[in-house]
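All remarks here apply to the structure that follows.
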């Protein structure tokens, strides 16, 4: 069982300096298979060793921890990802988990609650946190380096949606 993982900000920044996708998943319920990574145009993912995460070079697979390594039992999975303003943000909805965005840079979002049709726009010009529960269609605009946490993370719980 894993107890500790440190993610140095400098390592994340170095990763984004050389990575075109501008999206980086460090912890998730499961690693991508080599075949799925190839289909998605992503680098393969291999188990992370040690307590401190380091970015991989262009020719190396990404190292990633499975969230089950941190806790025992069902429903304890989570995902930690990072994104930047250059990454593609699509309108999407999660059916079973909450998604939390945090940044010290501007954040904004358009959203619609599926159950009652409530819709709105959120604007955090100096950064902060945005939290979207299950069933909220949303598209987030990132103004800089942002951490995204999904809990409990459920495999295949992201669906494209109309705004």
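The values are calculated or read from the model by the stated rules, or taken from the named source; none is laboratory data. Keep in mind that this is a model prediction, so the values were computed, not measured. Ideal geometry is used to build each Cβ from the backbone, glycine not excepted, and the neighbour counts take in all protein chains shown.
Filtered by the rule that a residue be in a strand (DSSP E or B) and either more than 26 Å from residue 26 (Cβ to Cβ) or without any contact (Cβ under 8 Å) to a residue 24 or more places away in the chain (or both), region 114-136 gives 119, 120, 121, 122, 123, 124. Residues in region 124-140 that are crowded, with 16+ Cβ neighbours inside 10 Å and more than 10 Å from residue 102 (Cα to Cα): 124, 132, 136, 137, 138, 140.
Taking the criterion of being in a strand (DSSP E or B) and under 24 Å from residue 19 (Cβ atoms), the residues of region 95-108 that qualify are 99, 100, 101, 102, 103, 107, 108. Exactly one residue out of 160, 143 is surrounded by fewer than 19 Cβ atoms within 10 Å (Cβ to Cβ) and at pLDDT 95 or above: that is 143. If you go through region 84-105 and keep only what is touching a helix residue (DSSP H, G or I) at 6+ places or on another chain (Cβ under 9 Å) and within 22 Å of residue 5 (Cα to Cα), you end up with just 84.
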